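Data first, discussion second: the structure below is written as structure tokens.
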């Protein structure tokens with residue numbers, strides 16, 4: 001725990017009464033502290049420790065897109081800390097009747113400690129929505145309407161998927177024996193073929209923006225036309241230079257896999273497709289969406305050879321296969337997909353291990369946004385103090 005306390009001190013900032021939205025907004029030491037806290041909580045839970053911090057309080061989840069792993073990870077994290085989870089269903093609320101964002105944000109927050117939001121469907125809007133919710137909470141808290149200011153945790157937006165990328169980083173830190181173990185390691189984040197369209201860019205973007213900060217030799221590979229957001233690409237190049245690593249872009253999965261120690265083949269839609277999809281969804285143009293789907297699937301079909309299989313894996317340095325799940329597995333979940341059945345089965349339990357960090361990453365984010373004196377509370381947790389610890 002001393003390592004975590006030192007990292008929090010060195011970060012030079014506090015997340016209390018703030019939000020955890022984008023990893024690149026956080027100082028590097030805060031990122032490290034979050035990972036180490038998540039890993040420590042995971043170990044403590046497995047040892048039977050009591051990690052509850054609250055006697056009561058609400059955790060509100062708002063999923064504007066489908067979710068399995070992240071939905072249950074958020075619920076698990078909140079239960080671990082002693083919070084009750086309530087899901088905000090927009091169709092069953094006044095949001096469907098035009099209630100404003102700032103009104104909704106306040107109305108759900110009178111006894112709420114944290115709000116988890118997934119909003120990844122609309123390019124240019126998901127992150128902006130979370131910021132708008134945060135501003136509404138700030139106003140209501142500062143004017144005395146709310147007794148506490150809930151923290152917001154980004155459960156995936158159009159730009160980043162921080163709970164996923166931080167869970168992935170936790171997995172890698174454990175695998176390679178610490179943050180320094182990533183230095184000089186070749187990691188390949190690549191596009192992969194999928195028989196479905198509309199997969200967000202944010203997993204790939206979150207991965208490159210985070211791992212480029214740790215001195216890895218990071219390679220991004222995708223077919224032409226599947227580029228990521230330019231501002232995140234520029235940021236990843238800058239992070240790689242600062243960390244003493246490298247960031248290279250290829251248009252070949254084979255080249256990216258060559259000598260890699262970690263591979264992360266994951267499909268995403270072309271940015272232009274996602275922008276057009278957002279426009280059509282807002283208009284409610286069902287016919288337009290059907291035509292766009294045909295076009296996007298035809299684009300994907302031009303690159304069916306972008307499948308991770310044992311032959312491609314042989315190009316690597318016995319690389320660890322990673323995926324956020326669910327993967328499109330050839331001859332299992334689809335005819336042709338992101339990964340062959342043989343390769344996925346070889347690393348299936350590794351991907352489950354990777355996913356196991358997410359509840360604790362979310363718990364760590366909640367902890368840091370709700371605890372005013374995190375180092376004191378950490379010490380009390382180790383001493384097995386009563387079930388409620390005030391911030």
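Computed quantities for the displayed model
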quantity: Distance from segment 35-49 to segment 67-89 (C-alpha centre basis), Å; calculated: 18 Å
quantity: Degrees separating the helix 202-211 axis from the principal Cα axis of the chain, which is the longest one; calculated: 80 degrees
quantity: Estimated FRET transfer efficiency when R0 is 51 angstrom, pair residue 250-residue 135 (beta carbons, to 0.05); calculated: 0.80
quantity: Distance between modelled label sites at residue 234 and residue 325, nm, 7 Å Cα→Cβ extension; calculated: 3.7 nm
quantity: Value at 222 nm in deg cm²/dmol, rounded to 500, when DSSP H runs of n ≥ 4 in the chain each add -39,500 (n - 2.57); calculated: -14500 deg cm²/dmol
quantity: Kirkwood-Stokes translational diffusion coefficient of segment 109-208, alpha-carbon pairs, 25 °C, 0.890 mPa s, µm²/s; calculated: 154 µm²/s
quantity: Distance between modelled label sites at residue 183 and residue 2, nm, 7 Å Cα→Cβ extension; calculated: 2.2 nm
quantity: In degrees, nearest ten, helix 2-11 long axis to first principal axis of the chain (Cα); calculated: 90 degrees
quantity: Highest to lowest packing among 341-350, 56-65, scored as the average C-beta count within 10 Å; calculated: 56-65, 341-350
quantity: Distance between modelled label sites at residue 304 and residue 281, nm, 7 Å Cα→Cβ extension; calculated: 2.8 nm
quantity: Alpha carbon convex hull of segment 179-333, projected area averaged over orientations, nm²; calculated: 9.4 nm²
quantity: Size of segment 47-150 as Cα extents on the principal axes (Å, biggest first); calculated: 45, 35, 24
quantity: Rounded FRET efficiency, nearest 0.05, which uses the C-beta distance separating residue 46 from residue 92 and R0 of 30 Å; calculated: 0.20
quantity: Angle in degrees between helix 230-243 and the longest Cα principal axis of the chain, rounded to the nearest 10; calculated: 80 degrees
quantity: Convex hull (Cα only) mean projected area of segment 192-279, reported in nm² to one decimal; calculated: 5.6 nm²
quantity: Pair-distance profile P(r), taking every C-alpha pair of segment 288-391, with 5 angstrom steps and integer %; calculated: 2, 10, 14, 14, 11, 9, 9, 9, 7, 8, 6, 2, 0
quantity: Mean projected area (nm²) of the alpha-carbon convex hull when segment 1-81 is viewed from all directions; calculated: 6.6 nm²
quantity: Efficiency of FRET from Cβ geometry, residue 350 and residue 79, R₀ 25 Å, rounded to 0.05; calculated: 0.45
quantity: Fraction of antiparallel bridges per DSSP, the chain only, in percent to nearest 5; calculated: 0 percent
quantity: Alpha-carbon radius of gyration plus Dmax, which is the widest Cα pair, for the chain in Å; calculated: 20.8, 62
quantity: Zone of residue 69's modelled label, taken as backbone nitrogen in segment 17-55 under 17 Å from a point 7 Å along Cα→Cβ; calculated: 39
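Bear in mind these aren't lab numbers, they're just calculated from the coordinates by the rules spelled out. Remember, predicted model here, so these are calculated numbers, not experimental data. Reconstructed Cβ throughout: ideal geometry from the backbone, glycine too, with neighbour counts over all protein chains shown.
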